[in-house]
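Take a look at the structure set out below.
The values are calculated or read from the model by the stated rules, or taken from the named source; none is laboratory data. Just so it is clear, the model here is predicted, and its values are computed rather than measured. Here the Cβ is made from the backbone with ideal geometry for all residues, glycine too, and neighbour counts use every protein chain on show. To get the accessible areas, we keep the full protein, side chains included, count just its heavy atoms, and leave off ligands, DNA and RNA. Shrake-Rupley method; radii C 1.70, N 1.55, O 1.52, S 1.80 Å.
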Amino acid sequence: MASVTSQLVPMESNFLVPNATFLVELAVFALLFFLLAKYVVPPINRAMMARQDAIRNQFADLDQAKQDANEAEEKFKAQLADARHEAAKIREDAREQGAQIIAEMREQAQAEAARIVEHAHAQISAERQHAVTSLRAEVGALATALAGRIVGESLEDDERSGRVVDRFLADLETLEASKETAQDGAR
């Protein structure tokens, strides 16, 4: 058994001293390292850098989009506030115009009512004057006929009967005016 073990592990070899396989392995490792460092790693680094730049650009675009969205939101809020302010102003103007229209209509209605009342007073005064004239004529004719029956003579003289009737009616008006003055004084 000693012969089998001696063939597998030579005794004279020192593990600290490099042998030929070690040097070949070292050369192949150095060559592979050089090839990987020269031809494989730079494209991978470029791809990684491009990917990092793309991600940075996406973040920058995202930040810019977020900032633009915030600005647009602020503009929208400002426009909305302006629109609300304008709507409130329009409502207030409409209220003022409505109040002004109502005031103008009231003035017109009051003027129209005053005109109608004045016209009615004038018409009433005219009708009263007409009624007084008509009543004077009728009362005068009745008074003349009654006086003629009482006196027993005909008082057909229009001038004289007119003076009598006028005096009689003037006395009645004076009597009514004195009664109204007495009533006003009593109040």
Legend entry - Within region 156-176, considering residues that are of a type in the set (A, V, I, L, M, F, W, C) and open to solvent by 50 Å² or more (accessible area, probe 1.4 Å), the one modelled with the lowest pLDDT: V164
Inset, instruction - Working only within region 13-72, note down all residues that are surrounded by 10 or more Cβ atoms within 10 Å (Cβ to Cβ) and outside any helix (DSSP H, G or I). - result: P18, N19
